[in-house]
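The values are calculated or read from the model by the stated rules, or taken from the named source; none is laboratory data. Because the structure is a prediction, the values reported are computed rather than measured. Note that we place each Cβ from the backbone using ideal geometry, even for glycine, and neighbour counts take in every protein chain shown.
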Amino acid sequence: MVRIKITGGNLKGRAITVPENKVARYTSSKVREAIFAIIGDVTGLRMLDLFAGSGSFTIEALSRGAVAATCVEKDKRMSDTLNKNLSALSLDKDCLVLNMDVRYAMPFLYKRASNYDIIFMDPPYEQDFIPETMALFQKNVIYHKDTMFILEYSKRESLLASLKDGWNERTNRRYGDTIISFISMADRGEERQLKMKNYELKIKNDT
């Protein structure tokens, strides 16, 4: 088993226990701290954690004052472990864990009229989950105009090619092989700029 420490909030210093797994990746303490330094105060916000894995991001957010969270994780062993860790930290009443595929979870949450302030995605690297999931957001609006999307992915993946019209990358950070991008809905001017970037990318790839 692997122990992951919480880096901030009222549970700072406490640890969660997760399975040692050659397939699963756990967001490092350094990266989590950096993400929350950029996000700032999360008090009273509602979180969605897709491809949640250990749920360390959500647990960190709840420790720092987030009011509620939803975690989506299709692996039964990981979702069971997440539920146990939430219970051990007395956070189980604040977090809904859905043991299901993201492709089914998002329509489910949309039908429940769920709405989130921060959405975190950490899918398996280099398997094209990001473009597929971003397309699902177009059909299942479970966010508002000020929602912040945080994507964790491999440096070998191209985020720009994954973003459809209506999205804008605000900033990004690189930590070794990992890139963290902060995405939001684009206004009309930003949308035109994004279309031009995508057009330029297409021209470059075609030559």
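Of note:
- For the stretch 60-93, a residue qualifies if it is of a type outside the set (A, V, I, L, M, F, W, C), crowded, with 17+ Cβ neighbours inside 10 Å and over 20 Å from S29 (Cα atoms), and the qualifying residues are T70, E73, D75, S79, N83.
- Where strands (runs of 3 or more DSSP E) fall wholly inside the stretch 140-207, the ranges with 2 or more residues that are β-branched (V, I, T), modelled with pLDDT of 90 or more and surrounded by 14 or more Cβ atoms within 10 Å (Cβ to Cβ) are 143-154, 178-185.
- For the stretch 14-72, a residue qualifies if it is at pLDDT 90 or above and among the hydroxyl-bearing types (S, T, Y), and the qualifying residues are T43, S56, T58, S63, T70.
- The one condition from (1) out of contact with any helix residue (DSSP H, G or I) (no Cβ under 8 Å at 6 or more places or on another chain); (2) closer than 21 Å to Y125 by Cβ; (3) surrounded by 14 or more Cβ atoms within 10 Å (Cβ to Cβ) that G55 does not meet is (1).
- Single unsatisfied condition, P124 versus (1) within 26 Å of D80 (Cβ to Cβ); (2) assigned to a helix (DSSP H, G or I); (3) modelled with pLDDT under 90: (2)
- A single member of K155, K145 is at negative phi and free of Cβ contacts under 8 Å to residues at least 40 places away in the same chain, and it is K155.
- In the stretch 1-11, residue surrounded by the most Cβ atoms within 10 Å (Cβ to Cβ) [restricted to those that are of a type in the set (V, I, T) and assigned to a strand (DSSP E or B)]: I4
- Single residue of the stretch 94-128 satisfying the filter (of a type in the set (F, W, Y) and touching a residue at least 60 places away in the same chain (Cβ under 8 Å)) that is surrounded by the fewest Cβ atoms within 10 Å (Cβ to Cβ): Y125
- Single residue of the stretch 69-80 satisfying the filter (of a type in the set (A, V, I, L, M) and within 15 Å of the chain's Cα centre (by Cα)) that is nearest to G40 (Cα to Cα): A69
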